[in-house]
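A short worksheet on the structure shown next.
What follows is calculated from the coordinates using simple rules that are stated; it is not laboratory data. The shown structure was predicted, so the numbers you read here are calculated from the model rather than taken from an experiment. Every residue, glycine among them, receives a Cβ derived from its backbone with ideal geometry; neighbour counts consider all protein chains shown.
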Amino acid sequence: MKCKVFLDSSIMQKGLPSTAGSKMLENFVSPVDATVVERLAAAGAEIAGRVEMNEFGVSGVFNKEIPELTEAVSLIKNGKADVILCNDYTGAISRTAAIHGLYYIHPTYGTVSRYGLIPAVTSMDQIGILCGSSGVGFGVLRMIAGYDPRDGVMSENNSQIAAKLNESMQKITVSEPVCKYNDVYSQIMQILCCAELGNNISRYDGIKFGHRSKEYNGLRELYTKSRTEAFGDDVKLAAVIGAMVLSQDNYTRYYDKAMRLRRMIKDSFDFVSYDVIKTCCPVLSRLCGLPSLTTPENVYIANTEREDILEALIDDSGEITI
């Protein structure tokens, strides 16, 4: 399948800058190709360019407003790109896409290799697909999915994308379950994202990685000035909250409780009684590691590794068939 693909700036391409939208990485040139880049090239897809992003994608954790038009959405709406690969762990890109009549495919956690993706929130990081046509998007998903030993969360059994819906399934059943935990989704997302992002950006200290301040007195001031100059307000806020929820006094009260609630939310879904969950909340699939398809109308969530069911929801004209 021939298509024009763009990558966001957190996905590495050898010899090109990969900044993840941060001044901290403004001079970082990738030494390797991400696995998705290798697989796209092998499949004959054209990697046509790169798209800047919000710093480490963290703004969606705090900012409830949806941007009217992002660079990624604009490229697809104007026909300059068929697909944009990005790490939308907050669901903000999904929401923006839906407003502008586009689709976002979020694969099962561990389906697409994250080798070569600059880490943000490790337990939610997953390269997804922003597209104008879900058919093209699922075609690209089949190109980039599959086992990669360089990504430690993958196994040889959990990264196969079915080519088509199982013929024995006569009808797809959709449910809108009432989840008694839905009033705490945003709080859980904020706690977990801040904790994990704070850990991941601790490597950027101006010595081993990242921007280094030009004027400093001693090691402590080097750390402080380098990080103060290079990180934006949202990332600084996330780092402070992350340190707080992981501290000895607050770990059980916040982080441990958020992890327990996350497990309870996932366990509350009964995919024996239905095949797909219809909702308006893209955060849910990120918290639970489940595959989802965001359309202009709804978010559809399937069970682990059942991207084929999501693909079957869309007919040739791009309309939901249920």
- line: Residues whose modelled amide H sits under 5 Å from the amide H of Arg50, counting only those 5 or more places away in sequence or on another chain, are Leu7
- line: Across Arg50, Arg220, Arg95, the residue with the highest GNM fluctuation in the chain (Cα network, 10 Å cutoff) is Arg220
query: What residue among Lys171, Lys236, Lys14 has the largest mean-square fluctuation in a Gaussian network model of the chain, using Cα springs under 10 Å?
result: Lys171
- prompt: Quick one: Karplus J couplings for region 294-311, per residue in order, coefficients 6.51, -1.76, 1.60, θ = phi - 60°, nearest Hz, x for Gly and Pro?
  reply: 9, 10, x, 9, 8, 10, 10, 10, 10, 6, 3, 6, 10, 4, 5, 5, 4, 5
Chain lengthening between Thr122 and Thr173 when straightened (0.36 nm per residue, less Cα-Cα): 15.2 nm
- line: Expected vector for region 112-125, Karplus 3J(HN,Hα) from phi with 6.51, -1.76, 1.60 and θ = phi - 60°, integer Hz, x for Gly and Pro, equals 10, 4, 9, 4, x, 9, 5, x, 10, 10, 4, 7, 10, 4
- prompt: Any idea what log10 I(q)/I(0) is at q = 0.16 Å⁻¹ for region 182-264, Debye with uniform C-alpha scatterers and no solvent?
  reply: -0.66
- prompt: Mind checking which lysines have their C-alpha under 22 Å from Lys278, skipping anything on the same chain fewer than 8 residues away?
  reply: Lys64, Lys164, Lys171, Lys180, Lys266
query: When the chain is modelled as a GNM with alpha-carbon springs shorter than 10 Å, which of Thr96, Thr304, Thr224 fluctuates the most?
result: Thr224
message: Going Cα to Cα from Lys14, which lysines come in below 26 Å? Please leave out same-chain ones fewer than 8 positions away.
response: Lys2, Lys4, Lys23, Lys80, Lys208
field: Charge dipole (debye, nearest 20) of the chain; +1 at Cβ of Lys and Arg, -1 at Cβ of Asp and Glu
entry: 740
statement: Nearest 10, in degrees from 0 to 90: the angle of helix 257-267 to the longest Cα principal axis of the chain is 10
- request: Would you tally the net charge around Ile47, using a Cβ to Cβ cut-off of less than 14 Å, leaving Ile47 out, and scoring K and R as +1, D and E as -1?
  value: +1
statement: Amide H proximity to Val299 below 5 Å, modelled H, separation 5+ or other chain, gives Thr279, Cys280, Cys281
- line: Dividing the helical contributions, -39500 (n - 2.57) per DSSP H run of n ≥ 4, by the residues of the chain yields a 222 nm value, nearest 500 deg cm²/dmol, of -9500 deg cm²/dmol
query: Hey, got the Cα dimensions of region 1-106 along the principal axes, in Å, largest first?
result: 36, 35, 22
task: Enumerate the calculated ³J(HN,Hα) couplings along region 91-100 in order (Karplus 6.51 cos²θ - 1.76 cosθ + 1.60, θ = phi - 60°), each rounded to whole Hz, writing x wherever the residue is Gly or Pro.
output: x, 5, 5, 4, 5, 5, 4, 4, 4, 9
- request: Over 24 Å, how big is the tail of the calculated P(r) for the chain, in percent of all Cα pairs?
  value: 54
query: By a straight-distance test (C-alpha under 18 Å), which aspartates and glutamates pair with Lys225 as possible cross-link partners, with residues fewer than eight away in the same chain excluded?
result: Glu26, Asp205, Glu215, Asp233, Asp234
- request: Evaluate E = 1/(1 + (r/R0)^6) for Arg150 and Arg260, where r is the Cβ-Cβ distance and R0 equals 25 Å; express this FRET efficiency to the nearest 0.05.
  value: 0.20
